[in-house]
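Below is one structure, written out as structure tokens; the observations come after it.
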Amino acid sequence: MLPGVSTLGYWDAKRSQAWGLDWHRNEGIEITYLSRGRLDFAVDDHSYPLEAGQVTITRPWQQHRVGDPEVRASRLFWLILDVSVRRPNQEWHWPDWLILAPADLRELTVKLRHNEHPVWQADATLRRCFERLAPLVAVSNPITVQTRLILLLNELLIALLEILRSHKPKLDQSLSSSARTVELFLAKLPSHIEHPWTLDEMAVQCGLGRTRFADYCRQLTNVAPMDFLINSRVDAAKKLLRTQPGRSITDIGFACGFQSNQYFTTVFRSRTGKSPSKYRAAVAMLS
């Protein structure tokens, strides 16, 4: 009904729950408001215990978690608004139903792109907007409240801009740079080492050509992209060899993205000076 609104809703948990939202990313900007209770909240491995009256802002590339691991008794509202970005260096495209003045919308975009602090104190206007959205979410025929939804969502974003203005966050243009995009991609790469990555595919993931991607990778890591990938695979294999002594070396090699046992052994020896089996034996002797 409203292009760009991925999800809008709330929960009202009267007691601690047997579930939580584990580490995840959203396909959109997520804005939440905790009206009652407390919540364990974390972004990029930093914990932010939420108290009533606080609002959070997370971008699509920011990994976050709600609950530790379970959700406490709380009343939480959320809005996920897709502005067609998945990486920091992409241009934002706001939906047409927004009526913010162009200058205000540009300012809001800059403040969200160039500042990634996730937790702020909500003001009275923002609190009122979320509370007034709650009954609209529950109607059986949302089309009947479409105009009211549009007005409230515009008011909510204006209130968010006012909060950011009042706090005067330090802005950092590098947070929306291509280098930042590559940095985030490389940070996630060790979690996806089993994928048969190519240089072209890694560059595409960052929205860059292979040469620019490779240049940024060297600036950040001092090695070429494929060398970074191989180093990550070897590091993962070393960990598995230490922690899973009963697992076969061939299985570990495949799990870390090596396409054959011979290639795994050759690369591992070149990086560590030992074959996988000798590395495992040496670790066993030290433990």
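The values are calculated or read from the model by the stated rules, or taken from the named source; none is laboratory data. All values derive from a computational prediction rather than experimental measurement. No Cβ is skipped: glycine too gets one built from the backbone with ideal geometry, and neighbour counts run over all protein chains shown.
What to note about this one:
- Number of the exception - Ala284 against (1) surrounded by 14 or more Cβ atoms within 10 Å (Cβ to Cβ); (2) aliphatic (A, V, I, L, M); (3) not in a loop (DSSP other than H, G, I, E, B): (1)
- Helices (runs of 4 or more DSSP H) contained in region 161-277 and holding at least 1 residues surrounded by 13 or more Cβ atoms within 10 Å (Cβ to Cβ), in contact (Cβ under 8 Å) with a residue 40 or more places away in the chain and of a type in the set (Lys, Arg): 178-188, 225-243, 261-272
- Every pair of residues 6+ apart whose Cβ atoms lie under 8 Å, when the first sits in region 128-150 and is surrounded by 10 or more Cβ atoms within 10 Å (Cβ to Cβ) while the second is charged (D, E, K, R): Cys129/Glu155; Leu136/Arg148
- Test: residue in region 202-214 that is touching a Leu at 6+ places or on another chain (Cβ under 6 Å) and either closer than 25 Å to Ala179 by Cβ or at pLDDT below 95 (or both): yes
- Filter result (in contact with a Leu (Cβ under 6 Å, 6 or more places away or on another chain) and not in a loop (DSSP other than H, G, I, E, B)) within region 11-31: Trp11, Ile29, Ile31
- Contacts under 6 angstrom Cβ, first residue in region 39-59 being of a type in the set (Phe, Trp, Tyr), partner at pLDDT 95 or above and not in a strand (DSSP E or B), 6 or more apart: Phe41/Tyr48
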